[in-house]
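Peer 1: Please read through the structure below; I'll follow up with questions.
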Amino acid sequence: MIDYAITSLNVLYWAVVAIWLWLWLTTDLATTGNSIWFVVAALALMIPYHLLRRKRNKLQSRAKELQDTPK
């Protein structure tokens, strides 16, 4: 379940970046100062993305430790 959330956040992040780049190249977005909203959107997606990746890595390391312990 965490993997799906990580993947969807990553896809949304790259969609925001692609839209921002397309608008930046085709309009006057860079000079109007409205591109800050794309930066905020990218940060809003990347913060939970990194937190979920950290949680997944911790869960995977715990599962590996449990597998490696002798019974």
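The values are calculated or read from the model by the stated rules, or taken from the named source; none is laboratory data. Note that the structure is predicted; figures quoted are calculated from it, not measured. Note: ideal-geometry Cβ built from the backbone for every residue, glycine included; neighbour counts use all protein chains shown. Keep in mind that these areas ignore ligands, DNA and RNA; they rest on the heavy atoms of the full protein, side chains included. Shrake-Rupley method; radii C 1.70, N 1.55, O 1.52, S 1.80 Å.
Peer 1: Return one whole number: the accessible area per residue of the range 1-65 in Å², for a 1.4 Å probe.
Peer 2: Details: 5080 Å² over 65 residues.
Result: 78 Å² of accessible area for each residue.
Peer 1: May I ask for the angle, rounded to the nearest 10°, between helix 2-26 and the longest principal axis of the chain, with both axes built from Cα atoms and the value confined to 0 to 90°?
Peer 2: 20 degrees
Peer 1: Ignoring everything except DSSP H segments at least 4 long, calculate the 222 nm mean residue ellipticity for the chain; use -39,500 (n - 2.57) per segment, divide by total residues, nearest 500. Don't jump to the answer; show the numbers that get you there.
Peer 2: On the way: 3 runs with 62 residues, N = 71.
The per-residue figure over the chain is -30000 deg cm²/dmol.
Peer 1: Using per-residue counts of other Cβ atoms within 10 Å, averaged over each peptide, order 41-48, 18-25 from highest down.
Peer 2: Numbers: 41-48: 14.4, 18-25: 12.4.
Descending mean neighbour count gives 41-48, 18-25.
Peer 1: Follow-up. Treating the beta-carbon of each Lys and Arg as +1 and of each Asp and Glu as -1, no other charges, what is the dipole magnitude of the chain about its Cα centre, to the nearest 20 debye?
Peer 2: Details: 8 positive and 4 negative charges, 108 e Å.
With Lys and Arg at +1 and Asp and Glu at -1, about 520 debye.
Peer 1: Separate question: Just to check I understand the Karplus step: with θ = phi - 60° and J = 6.51 cos²θ - 1.76 cosθ + 1.60, what whole-Hz values come out for the range 47-52, glycine and proline as x?
Peer 2: 5, x, 4, 5, 5, 5
Peer 1: Can you give the extra length, in nm with one decimal, that the chain gains between Ile2 and Ala42 once fully stretched, where that is 0.36 nm per residue apart less the Cα-Cα distance? Write down the numbers at each step before the final one.
Peer 2: Numbers: separation 40, 0.36 × 40 = 14.40 nm, distance 1.94 nm.
Once the chain is fully extended between Ile2 and Ala42, it gains 12.5 nm.
Peer 1: Tell me the label only: which of (1) 98, 5, 5; (2) 65, 15, 15; (3) 29, 24, 20 is Cα extents along the principal axes in Å as calculated from this structure?
Peer 2: (2)
Peer 1: Of the peptides 7-14, 63-70, how do they stack up when ordered by the mean number of other Cβ atoms within 10 Å, highest first? Can you show the working numbers first?
Peer 2: Details: 7-14: 14.1, 63-70: 7.6.
Top of the packing list down: 7-14, 63-70.
Peer 1: Sticking with this structure for a sec: How much of the accessible area of the chain, in percent, comes from carbon and sulfur atoms when a 1.4 Å probe is used?
Peer 2: Details: 3980 of 5890 Å².
Carbon and sulfur: 68 percent of the exposed surface of the chain.
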